[in-house]
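Structure record follows, encoded as structure tokens.
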Amino acid sequence: MIFIDTVLYFIITSFGLCSFIGFGALTNKYLFKEEYNKNVFNYFFIGLIFIIPFSVIYYFLVGNYKILNFLIIFLGFYFFLRKIKIDEIKFILILSLIFFTCLLISKSHEDFTVYHFQHIVEISDSNIKFGLANLDTRYFYSSIFSFVQALFNFNFFDYNLVNIPLYLIFLSTIGFLYKQINSKENVFINIFFLLIIIFKFKRFSEFGYDYVGQFILIYLFSKFIYRAKNINFYSSSKLILIFSTSILIKVTNIYFAPIILFHFLFFKEKINIIKFIKTKHFLYPQIILILIFSLNSVLKTGCINYLIKDTCLSKTKYSWVLNYEEIQNSKKISKYWSRGFYHQKNKKLNELEYNKNFNWLPNWLQGHFYIKILPFVLILILIFLVIRNFIFKNKKNIKSTNLRFLLFGSFLSVLFWLINFPQYRFGFGAIAIFLFIFFESIFGTKKDFIKKRYIYFLIIGLIYFNVSNVSRIISETNRDDMYRFTNFPWYAKPLTKQINEKNKNFRYSRSTQGDNFWRTCFNAKLICVNHNDKVSFKQNGRIIYISKF
């Protein structure tokens, strides 16, 4: 049974990748009117423009039905067969197989069991729940990409497949970079990013929406910004629309905006901004993405934009609206946490003193920068020097034509990240881009590379990647706690403690503190409340209004 489950897991993963590429190829043809692209992974990222809004609209109009979910993914695979050369399936299968050990996890990251998983469950029971964040405040900023993950709720597999869509972003970034290198497109920087991802991001168990959002930013920089040869309506539309989808996945990706802004401001060829905004291949999709964000925000909080208090409905008139003080408190906690306020070791400062005039910086440097970011910076430097001195020939240095503007734009992005949410997982993409541009401005890069040496380093990276993951799988099998790998190839589902309650005739669960697990609704069988406050439920058909008092 383990063997069959593992084989099916692999097949469905490859099948899902082909499906997303198929949706992207269809979107590319009818929205951008472009012909076949040699790098099929471009279609994957274009496919996000379609699949994210579609998954939300599907939830509202239909619900979430396992057989329909499978048929939707199968439809994307059908489009793949219609639009993509069949030879690409062979490459996709090889790519999926090489990196498959990454997906085999027992223990995921902590947020998965705290609220990520249960958020997917709450949007997968075919009920429309207004005031969803009244179940758990963290749902208000939970990623819209959860709706895409909910599409992988199939018959016989339950929720075992929900990690696949996140993994596919990681896999497609690798596939894109590899294809670009083979076609000799910006070879130096693509080798740089490829080796970083293989050597540094080998553990899918660490992945949340933060990491995959950063992978999309790396794709955008490589494809549309770095050494861009021309700027036109189609390429600009794809850049902004895919960037917008990355913000839907993780709102902190907004910090990347200065890089895109400087790309447009200082590119030699200008486009008519007014004419560009009015083009249907940009305007209509962008409006849909904005409406999807608003729809998700209203569903969970009662606010058209949960970042702006004035967009919220009145709680006195609509009891299911989330108390905005909870949103403000969550934003404050997130900001203070990212700056290390809750991990002060020496002098204990209050909130006002700690966040005044960069007083938080010394503690942040000691508690986060030196531990997380500095090792990453050293890896970036090492990989840059290895590529420059061993993989490329000793030829004349070349520099990007828009280097100064990219350097300044990437610096502003890093600064934006540092001031607002200075955690490694929120900003490693901009850090890598800034340092690469900084090194290039000093040393330059080289044009001709020694392919054999590149292959050697790539093989070393792939061996390291798989040996590390096999070693991790073995260690997870030998664990003696709740995360022991006893459900191979699926992630662990440790027992959590909830009690059943009733509100009038509506049955629901409430989380309680377990004996060996933090308080969570993880894997609850009913709609689950993850706090002690009083709640009420009002159901009208598929619609459930959830209020907290």
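The values are calculated or read from the model by the stated rules, or taken from the named source; none is laboratory data. The model shown is predicted, which means the values in this text are computed figures rather than measured ones. Ideal geometry is used to build each Cβ from the backbone, glycine not excepted, and the neighbour counts take in all protein chains shown.
Things to note:
- Checking each residue in the stretch 324-361 for being surrounded by fewer than 11 Cβ atoms within 10 Å (Cβ to Cβ) and in contact with a strand residue (DSSP E or B) (Cβ under 7 Å, 6 or more places away or on another chain) picks out no residue at all.
- All positions within the stretch 120-131 that are in contact with a Ser or Thr (Cβ under 8 Å, 6 or more places away or on another chain) and farther than 15 Å from Leu161 by Cα: Ile123, Gly131
- Selection of first residues in the stretch 347-374 that are of a type outside the set (A, V, I, L, M, F, W, C) and of second residues that are surrounded by 15 or more Cβ atoms within 10 Å (Cβ to Cβ), restricted to Cβ pairs under 6 Å at least 6 apart or on distinct chains, gives the following pairs, ordered by first then second residue: Tyr354/Phe341; Tyr354/Trp360; Asn363/Gly340; Gly367/Gly340; His368/Gly340; Lys372/Tyr424.
- Close pairs from the stretch 534-546: first over 18 Å from Asn64 (Cα atoms), partner of a type in the set (Gly, Ala, Ser) and assigned to a strand (DSSP E or B), Cβ under 8 Å, at least 6 apart: Val535/Ser547; Ser536/Ser547; Phe537/Ser547; Lys538/Ser547; Ile546/Ser536
- Reported count of residues in the stretch 337-351, each being in a helix (DSSP H, G or I) and modelled with pLDDT under 90, is 4.
- Scanning the stretch 77-98 for residues that are farther than 14 Å from Thr13 by Cβ, touching a residue at least 24 places away in the same chain (Cβ under 8 Å) and not aromatic (Phe, Trp, Tyr) yields Leu81, Arg82, Lys83, Ile84, Lys85, Glu88.
- Exactly one residue out of Leu380, Leu407, Leu403 is at pLDDT 95 or above, surrounded by 14 or more Cβ atoms within 10 Å (Cβ to Cβ) and over 30 Å from Lys331 (Cβ atoms): that is Leu380.
- Count of the stretch 463-503 residues which are exposed (fewer than 13 other Cβ atoms within 10 Å of the Cβ) and more than 21 Å from Thr113 (Cβ to Cβ): 6
- Asn37 being polar (S, T, N, Q), at negative phi and without any contact (Cβ under 8 Å) to a residue 24 or more places away in the chain: yes
- Given (1) exposed (fewer than 13 other Cβ atoms within 10 Å of the Cβ); (2) farther than 26 Å from Phe537 by Cα; (3) modelled with pLDDT of 90 or more, index of the condition Phe457 fails: (1)
- Candidates in the stretch 425-463 are the residues that are assigned to a helix (DSSP H, G or I) and of a type in the set (Lys, Arg); of these, the one that is nearest to Gly213 (Cα to Cα) is Arg425.
- Listed by first and then second residue, the pairs linking a residue in the stretch 49-74 that is on the phi > 0 side of the Ramachandran plot to a residue that is surrounded by fewer than 21 Cβ atoms within 10 Å (Cβ to Cβ) and among the hydroxyl-bearing types (Ser, Thr, Tyr), with Cβ atoms under 8 Å apart and 6 or more places separating them unless they lie on different chains, are Gly63/Ser126.
- Among the residues of the stretch 133-142, those identified as in contact with a Phe, Trp or Tyr (Cβ under 6 Å, 6 or more places away or on another chain) and surrounded by fewer than 23 Cβ atoms within 10 Å (Cβ to Cβ) are Asp136, Arg138, Phe140.
- Filtered by the rule that a residue be more than 28 Å from Thr316 (Cα to Cα), in contact (Cβ under 8 Å) with a residue 12 or more places away in the chain and not β-branched (Val, Ile, Thr), the stretch 127-156 gives Phe145, Ser146, Phe147, Gln149, Ala150, Leu151, Phe152, Asn153, Phe154, Asn155.
- Cβ-Cβ contacts under 6 Å between residues 6 or more apart (or on different chains), taken from a first residue in the stretch 495-522 that is at negative phi to a second residue that is of a type in the set (A, V, I, L, M) and part of a strand (DSSP E or B), are listed as Arg510/Ile499; Arg510/Val529; Thr512/Ile499.
- Selection status of Ser236, under 18 Å from Phe45 (Cβ atoms) and touching a Phe, Trp or Tyr at 6+ places or on another chain (Cβ under 9 Å): yes
- Number of residues in the stretch 517-537 that are among the basic types (Lys, Arg) and either in contact with a strand residue (DSSP E or B) (Cβ under 6 Å, 6 or more places away or on another chain) or part of a strand (DSSP E or B) (or both) equals 1.
- So Leu415, is it assigned to a helix (DSSP H, G or I), over 14 Å from Ala257 (Cα atoms) and at pLDDT 95 or above: no
- Every listed requirement among (1) closer than 17 Å to Asn42 by Cβ; (2) surrounded by fewer than 16 Cβ atoms within 10 Å (Cβ to Cβ); (3) among the β-branched types (Val, Ile, Thr) is met by Ile277 save one, (1).
- If only residues of the stretch 508-520 that are surrounded by 12 or more Cβ atoms within 10 Å (Cβ to Cβ) and not polar (S, T, N, Q) are counted, the one that is modelled with the lowest pLDDT is Phe517.
- Matching residues in the stretch 314-341 - criterion: being under 30 Å from Ile373 (Cβ atoms) and out of contact with any Pro (no Cβ under 9 Å at 6 or more places or on another chain): Ile327, Gln328, Asn329, Ser330, Lys331, Lys332, Ile333, Ser334, Lys335, Tyr336, Trp337, Phe341
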